[in-house]
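Step one of this worksheet: look at the structure below.
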Amino acid sequence: TDNPPSSAPQETAASGKVLIDRIVAVVNDDVITRHELDERLTIVMRELSKQGTRLPAVEALEKQLLERMIMDKLQAQFAKESGVQVDDAQLDKALRRIAQDNKIPSLAEFRTRLEQDGVEYKKFREEIRSEIVATRLREREVDSRLVISEGEIENYLVTQAKQTGK
């Protein structure tokens, strides 16, 4: 692309209009904007820096992130079409489990700590929802491909009977 990779408003010379954002990818009926990509890039670069990881070239990281964002959009669209969803109660349960795993006693404190680390709680919450949906889609895909024959069941039962002595 020939536009600079910045989410800052830019003035176009010919019309004097201000460019607020632009589309960097179209995914079926949805889009990914420059602002969304820049926002994700900032978060990833901050996390890599915190971990002490050497930062890759911004262009390479940006390309990888865009590909990931496209895949996420496609997955979300497929989940919606397939009826796979995660309600707020299920999401809250998962967030409480994440908080407990991190030795944080409440969702309120978990939210506070995330925000202190510069993570917007609402976005974090939706990312977790997306991860749960992705897991459910994978499970559904695996379950639909599992085929267990009668012979395999019979062999298993015979083996179990021999092991237990029955």
Residue ID - farthest from R46 (Cα to Cα), chosen from residues in the range 121-138 that are open to solvent by less than 100 Å² (accessible area, probe 1.4 Å) and among the acidic types (D, E): E126
Among (1) at pLDDT 90 or above; (2) open to solvent by less than 50 Å² (accessible area, probe 1.4 Å), which single condition is R54 missing? (2)
For the range 16-30, name all the residues that are under 24 Å from V119 (Cβ atoms) and either loosely packed, with under 14 Cβ neighbours inside 10 Å or in contact with a Cys (Cβ under 9 Å, 6 or more places away or on another chain) (or both). D21, D30
Among the residues of the range 116-139, is there at least one that is modelled with pLDDT of 90 or more, over 30 Å from G83 (Cβ atoms) and either out of contact with any Pro (no Cβ under 8 Å at 6 or more places or on another chain) or of a type outside the set (V, I, T) (or both)? yes
Give the residue, chosen from L48, L65, L61, that is more than 24 Å from I132 (Cα to Cα), out of contact with any Asp or Glu (no Cβ under 9 Å at 6 or more places or on another chain) and open to solvent by less than 50 Å² (accessible area, probe 1.4 Å). L61
Residue pairs within 8 Å by beta carbon, gap of at least six or interchain, first lying in the range 20-47 and touching a residue at least 24 places away in the same chain (Cβ under 8 Å) and assigned to a helix (DSSP H, G or I), second open to solvent by 70 Å² or more (accessible area, probe 1.4 Å) and β-branched (V, I, T), listed first then second, are R34/I23
Does A94 fit the bill of being among the small types (G, A, S) and surrounded by fewer than 15 Cβ atoms within 10 Å (Cβ to Cβ)? no
Would the range 68-78 turn up any residue that is surrounded by 15 or more Cβ atoms within 10 Å (Cβ to Cβ), touching a strand residue (DSSP E or B) at 6+ places or on another chain (Cβ under 9 Å), of a type in the set (G, A, S) and modelled with pLDDT under 95? yes
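The values are calculated or read from the model by the stated rules, or taken from the named source; none is laboratory data. Please read all numbers here as calculations on a predicted model, not as lab measurements. So basically every Cβ, Gly included, is an ideal-geometry build from the backbone, and we count neighbours across all protein chains shown. Note: accessible area is taken over every heavy atom of the protein model, side chains too, but ligands, DNA and RNA are not part of it. Shrake-Rupley method; radii C 1.70, N 1.55, O 1.52, S 1.80 Å.
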